[in-house]
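*Asks:* My questions will all concern the structure given below.
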Amino acid sequence: MSIPVLLFASYADAFGTRRLEVPLDVPCQVAELVRVIRTMPGGDRLPVVPLVAVNRTWVREDASLQLGDEVALIPPVAGG
């Protein structure tokens, strides 16, 4: 099984795509998902604790992922 992950801005550039299919079975925790993403080309660009949203809500690394969840990695942004 795989988990679709949406990517934006610098993360989309780093991975060369706006969507990843991460080979991982659910249920699992966000931390497991991030660990697998770090092994992919471009994964070294992620910060120590990346911002992750599940179903449009910010979640912590210990959040559980279920089948059908919408997962997004949100890069840090700066404003002025």
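*Asks:* With the full set of protein chains in place, find how many percent of the accessible area of the stretch 28-70 is carbon and sulfur; take the probe as 1.4 Å.
*Replies:* Values: 1530 of 2820 Å².
Carbon plus sulfur share of accessible area: 54 percent.
*Asks:* Follow-up. Any idea which of P75, V34, L65 is furthest toward the positive side of the dipole for the chain, if Lys and Arg beta-carbons carry +1 and Asp and Glu beta-carbons -1?
*Replies:* P75
*Asks:* Kirkwood Rh, the chain, all Cα pairs: how many Å?
*Replies:* Details: mean 1/r = 0.0793 Å⁻¹.
Evaluated on the chain, it is 12.6 Å.
*Asks:* Relative contact order, percent, of the chain when contacts are C-alpha pairs under 8 Å separated by at least 6 residues? Can you show the working numbers first?
*Replies:* Numbers: 128 pairs, mean separation 28.6, N = 80.
That works out to 36 percent.
*Asks:* Something else now. Nearest 20 debye, what's the magnitude of the dipole of the chain about its Cα centre given +1 on Lys and Arg Cβ and -1 on Asp and Glu Cβ? If you can, show how the numbers build up before the last one.
*Replies:* Values: 7 positive and 9 negative charges, 42 e Å.
The calculated dipole for the chain is roughly 200 debye.
*Asks:* Add -39500 (n - 2.57) for each DSSP H run of 4 or more in the chain, then divide by its residues: what number comes out at 222 nm, to the nearest 500 deg cm²/dmol? List each step's numbers first, then the result.
*Replies:* Numbers: 2 runs with 16 residues, N = 80.
Counting only the DSSP helices, I get -5500 deg cm²/dmol.
*Asks:* Additional query: Rank V59, V26, V49 by mean-square fluctuation in a GNM of the chain with C-alpha springs under 10 angstrom and give only the top-ranked residue.
*Replies:* So, out of V59, V26, V49, the one fluctuating most is V49.
*Asks:* How large is the accessible surface per residue of the stretch 11-80, computed with a 1.4 Å probe and reported in Å² as a whole number?
*Replies:* Details: 4490 Å² over 70 residues.
I get 64 Å² per residue for the stretch 11-80.
The values are calculated or read from the model by the stated rules, or taken from the named source; none is laboratory data. Not measured: the values here are computed from a predicted model. Note that we place each Cβ from the backbone using ideal geometry, even for glycine, and neighbour counts take in every protein chain shown. Please note that ligands, DNA and RNA were not included when accessible areas were found on the heavy atoms of the full protein model with its side chains. Shrake-Rupley method; radii C 1.70, N 1.55, O 1.52, S 1.80 Å.
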